[in-house]
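Working notes, structure below.
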Amino acid sequence: MTERSQPNIAIVGGGPGGYAAAFLAADLGMNVTLIDREQNPGGVCLYRGCIPSKALLHVAKVIDECRHAKNWGIEFGEPRIDVARLRSFKEGVVNKLTSGLGQIAKARKVQYIRGDASFENSNTIRITKNGGGGESTTFDRIIIATGSRPAVIPTLKLDSPRMLDSTSALDINDVPGTLLVIGGGYIGLELGTVYAALGSKVSVVEMTGGLLPGADRDLVLPLHKRLEKMFDAILLNTVTAVKEEANGIRVCFDGKDVKEREKVFDKVLVSVGRKPNSQIAGLDRTQVRVGDRGFIQVNKHLQTDDPSIYAIGDVVGEPMLAHKASHEGRTAVEHIAGHKVAFEPNAIPAVVFTDPEIAWSGLTETQAEKEGREIKVAKFPWAASGRAVTLDRTEGLTKLILDPASERILGVGIVGSGAGELIAEGTLAIEMAALAKDVALTIHPHPTLSETVMQAAEVFFGTSTDLYRPRR
Amino acid sequence: MTEFKLPELGENIHQGDLVRLMIAPGASIAEGQAVMELETDKAVVEVPSSVSGTIKEVLVKQGEKIKVGQVIFTVENGAGGKRVEAKASSAPAAAPKSEPKPAAPKSEAPPKPAPSAAPKATASAPVVPSESNEVSEFKLPELGENIHQGDLVRLMISPGAQVSEGQPVMELETEKAVVEVPSSLSGIVKGVHVSQGDQIKVGQLIFTLEPGATSQTHSQQPSRAEESHDHARMAFQAAIQSEGKTEEQALPRDQPPTASVATFSMPLHLDRAAGVEHRGPVPAAPHVRRLARELGIDIHSIPGNGPGGRISEADVKLYAKSVIAGAASGAGSAATHLQQPALPDFSKWGKIERVSMRGVRRKTAEHMWEAWSSIPHVTQQDKADITELEQLRTKFAPKAAEAGGKMTVTAIALKVCASALKIFPQFNASIDMEKEEIVYKQFINIGVAVDTDRGLLVPVIRDVDKKNIVELAAELTGLSKKARDKKLSPADMEGGTFTITNLGGIGGTGFSPIVNYPEVAILGLSRSGMEPVWMNNKFEPRMVLPLSLSYDHRLIDGADAARFLRWIAEAFEQPFLLSVQG
């Protein structure tokens, strides 16, 4: 019997899914090639997504808090905004993190190649290098981690510097006087928040019934209220046409309660979702199957119909989130290494980094309703949280979604300042199959917002210290 | 644009194979019109549309496996639902005779009906029920001291829905808490005057009722839409469960017994990640789930001993041990089998194609695995001299033909076996290991394996001992035709006590058939041919039929099997014995 040699693997795409896979594969002793167009690993998340937007949202929050400080007897006056320095702060953040990843790749002996990959067959890819030239290499296994890109609505396509997508909006070339955000999903609301804090008059238009479609309405409501104050308008109708004029983009609206049928904006940001990057050259020379909506079809081991090829991250389906991609990447590599593993989380947390933040994990009320699943919901309003009162931010809400029979925590939803950090505890509770009692009996530090998770569990038993409820 | 999704098909049926697609983009479709033929484990059914309009896009292909809730096609300028009620109510009548199992409408149950469970509202303060039936407006009642208004967080009613007293109609967020507001009226909602996100004051009009409908207090009835869903689903189940019906009868072409409902709100698992089978989160920590997978055990089948059914590492190990020791008792059948070892990567050696296992094949695979793994098989071989029988057969052939049958060796074998089973009752029995009992059957129903396009099917002929050969020949011919025409009903294949399989038409000198569990024996016939037989002090050319009897050695001993098979061989050799002994 021959000794089992370490496989030679290639990963196409250097985002959070791709580099997590590459680094683990290297740690397991595999021969790893990571291919991406950028100078360093990082992908959309680090270059044009999560990270730069969070840097800007932090700034937005500081601006907003300074304005808010008036209520506490502190006045800073109007902020002076140096867009160039702001941009370089953001670029500094991106460079620090991506170059760090580049160094880690080197240290782990991952071969990082800048270029584009196309398939010659199931095991061979041709890499066209950025600087020109190319080579064909054969690998034992290939992981596709090509991610996604902003979706485009053909009727709203307009070649103009006034039209932004999430990528160009993050460049902050200027602060427009008026900005229309098309699409009330998390990307639109996060970027809208940034521009509103910098001084733009922001309007958001969402064609479905409300902001953040899919999220539980009680979580969205506090954000909706705050955005109503922060934004110029929140419109729940559709955009039928855009056209460029001398002084801006003329936008036509249609819908039930349209007040203004047409309006001119300095800039328009289109953020109507993302599309998987599954149109990879030569994919038809493999057995990989692309399903409807463009997602590559994989089994629960992240293996495509072609046994040599795996796919992970945004390109295989919703939710399109970096942390889902990383987990999938690691699972795929472990499967390649011969471990019996599958991607089967009980909860994938989702966070909207607006102010207040919205975060949820596991089962949502909306989903339970759709499935006709019986649940109990325990809610703790932050008005009863001491910490929330000290922050002067009492609009938050923490809720647990529980199985009535076993009292097991199936889902957690939080809206409020720092909800994104708080959701981690909820996710752990779901993954560990914690009961409401477990969380209620775990001592939480006082005074913190994390107490609201414990208190919500107490609400379920009707014994919350800080919230009186008459007996049912 | 309207989507048509695969409606729920019945209990425990979650998917089917698309055998025939009857629509194409651009074609117009009407409610009730057949969309496709779906092959499930139980039957082939036609799936009727619940929407009307022009088909925009067809999202499935022939040969695909389709799950409940999957989108089949989309419709432009779609209409649907106007005739819903009429159709829905007539549907159960049109449904075939077997009673629809009124499967608890879990999935469609209204999210939070339970009017009895008093709303948790802190302030479900004096909601004064109207004194006369005239009142048809519901206004926001007083919520409690110093609470004058709230934000409408969730609206739980819509026009046309049935609302009953005590049923929550919305969630209101006040300064103090989020409360559910229960209705003080019963009836059908006419108009809703608030919308989600509104700020609502005490006394503000929330909804109005249809005039005259207020008095009826269907306290616990689901809304009308849901009711018609239920009807539709039950009718559909009645059709597909099709016990006692043929596959064709299950859904007659001219009269699809499915009600058409514009929007089937089937349980959809929208937010799931790619490749994740949705079975609900299992109460086990991530490392415990991984351990189970490594051991090849389905974690969903492991009983958890922790609080709330939580499965610990120890539970997994204990379970694995019990499976390996074979001590997992009869309780857990197929689910407890260890997974088969992983397949090698065949594509290393050349091109491969993967095809999904379809209905009959899948069922056969499961059934054979069950039989092979639970029955200790032995096969006994023998030969019967049928020279004289052949002469008789030719002689009686016209008579059988007259009765519409074909005088085949199998038909004669039926009669022979029935006689043998009477004399050797342990071959007409089953074993109940759990109770440690032998079940002797006082009826003789013999299955005959039939090779069809779709695979192996085994129709059963009842009371074989009470029928003569000509009758049996006619019945066998009829059943074989039914099998090949896909007209066998599940009932036609049930209740066998013994099985005959004849491969003689193809060839071969002998084989080891697998016992058709829970029967205990099966007789295989191979090709008969001329052989030299030593008789009367010389070799004579005789027509010889090879016989192969597989049996369950738990119940039947080798000597009994030899005697049984010899008896059968002799019966073939001396056909007149049949009339004497049979």
Query raised in the report: Which residue pairs have Cβ atoms closer than 8 Å, lie 6 or more positions apart in sequence or on different chains, and pair a first residue in the range A:280-291 that is at positive phi and touching a residue at least 60 places away in the same chain (Cβ under 8 Å) with a second residue that is part of a loop (DSSP other than H, G, I, E, B) and of a type in the set (Gly, Ala, Ser)?
Result: none
Query raised in the report: If we keep just the residues of the range A:305-330 that are at the interface with chain B (Cβ under 10 Å from one of its Cβ atoms) and of a type in the set (Val, Ile, Thr), which is farthest from A:GLY273 (Cα to Cα)?
Result: A:ILE312
Query raised in the report: If we scan the range B:415-433, do we find a residue that is crowded, with 19+ Cβ neighbours inside 10 Å, within 32 Å of the chain's Cα centre (by Cα) and aromatic (Phe, Trp, Tyr)?
Result: yes
Requested in this report: Go through the range A:419-472 and give me each residue that's among the β-branched types (Val, Ile, Thr) and facing chain B (nearest Cβ under 10 Å).
Outcome: A:ILE430, A:VAL459
Report task. Check every one of the helices (runs of 4 or more DSSP H) wholly within the range B:469-582 and list those with 2 or more residues that are assigned by TED's automatic domain parsing to the domain that holds B:SER430 and of a type in the set (Phe, Trp, Tyr). Result -> B:558-573
Report task. For residues that are modelled with pLDDT of 85 or more and buried (at least 20 other Cβ atoms within 10 Å of the Cβ), scanning just the range B:384-404, find the one that is nearest to the chain's Cα centre (by Cα). Result -> B:ALA384
Query - Filter result for A:GLU421 (in a loop (DSSP other than H, G, I, E, B) and not small (Gly, Ala, Ser)) - result: no
Query raised in the report: Which one of these does A:ALA383 not meet: (1) part of a loop (DSSP other than H, G, I, E, B); (2) within 11 Å of another protein chain (Cβ to nearest Cβ); (3) more than 25 Å from B:PRO307 (Cβ to Cβ)?
Result: (1)
Query raised in the report: If you check A:HIS339, A:HIS335, which single one turns out to be over 20 Å from A:LYS275 (Cβ atoms), surrounded by fewer than 24 Cβ atoms within 10 Å (Cβ to Cβ) and more than 9 Å from every other protein chain (Cβ to nearest Cβ)?
Result: A:HIS335
Query raised in the report: Taking the condition in a strand (DSSP E or B) and not assigned by TED's automatic domain parsing to the domain that holds A:PRO213, does A:VAL377 pass?
Result: yes
**Report entry** Qualifying residues in the range A:288-300 (those that are out of contact with any strand residue (DSSP E or B) (no Cβ under 8 Å at 6 or more places or on another chain) and assigned to a loop (DSSP other than H, G, I, E, B)) - the one nearest to A:THR146 (Cα to Cα)
**Finding:** A:GLY291
Query raised in the report: What number of residues within the range A:172-187 are among the β-branched types (Val, Ile, Thr) and within 18 Å of the chain's Cα centre (by Cα)?
Result: 3
Query raised in the report: Has the range B:270-280 got at least one residue that is at pLDDT 85 or above, surrounded by 15 or more Cβ atoms within 10 Å (Cβ to Cβ) and at the interface with chain A (Cβ under 9 Å from one of its Cβ atoms)?
Result: no
**Report entry** Hits in the range B:461-483 - residues which are touching a residue at least 12 places away in the same chain (Cβ under 8 Å) and loosely packed, with under 15 Cβ neighbours inside 10 Å
**Finding:** B:ASP463, B:ASN468, B:GLY478
**Report entry** Filtered residue count, the range B:298-344, keeping only those that are within 19 Å of B:GLY280 (Cβ to Cβ), at pLDDT 85 or above and aliphatic (A, V, I, L, M)
**Finding:** 4
Report task. Report whether or not A:THR394 is touching a Phe, Trp or Tyr at 6+ places or on another chain (Cβ under 6 Å) and in a loop (DSSP other than H, G, I, E, B). Result -> yes
Query raised in the report: Within the group A:ALA433, A:ALA457, which residue is over 18 Å from A:GLY396 (Cα atoms), outside any strand (DSSP E or B) and touching a strand residue (DSSP E or B) at 6+ places or on another chain (Cβ under 7 Å)?
Result: A:ALA433
Query raised in the report: Of all residues in the range A:146-166, which are in contact with a Pro (Cβ under 7 Å, 6 or more places away or on another chain) and of a type outside the set (D, E, K, R)?
Result: A:SER148, A:SER166
Requested in this report: Starting from the range B:428-447, keep only residues that are in contact (Cβ under 8 Å) with a residue 60 or more places away in the chain, then list their pairs with residues that are part of a loop (DSSP other than H, G, I, E, B) and among the aromatic types (Phe, Trp, Tyr) whose Cβ atoms are within a distance under 6 Å, requiring at least 6 positions of separation or different chains.
Outcome: none
Query raised in the report: Where in the range A:35-110 are the helices (runs of 4 or more DSSP H), entirely inside, with at least 1 residues that are hydroxyl-bearing (Ser, Thr, Tyr) and assigned by TED's automatic domain parsing to the domain that holds A:PRO356?
Result: none
Query raised in the report: In the range A:275-303, what residues are more than 22 Å from the chain's Cα centre (by Cα), within 10 Å of another protein chain (Cβ to nearest Cβ) and polar (S, T, N, Q)?
Result: A:GLN287, A:ASN299, A:GLN303
**Report entry** The listed residue being crowded, with 17+ Cβ neighbours inside 10 Å and either more than 20 Å from A:ALA241 (Cα to Cα) or touching a residue at least 24 places away in the same chain (Cβ under 8 Å) (or both), out of A:GLY209, A:GLY183, A:GLY199, A:GLY177
**Finding:** A:GLY183
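The values are calculated or read from the model by the stated rules, or taken from the named source; none is laboratory data. Model, not experiment: these values are computed from the prediction. Reconstructed Cβ throughout: ideal geometry from the backbone, glycine too, with neighbour counts over all protein chains shown.
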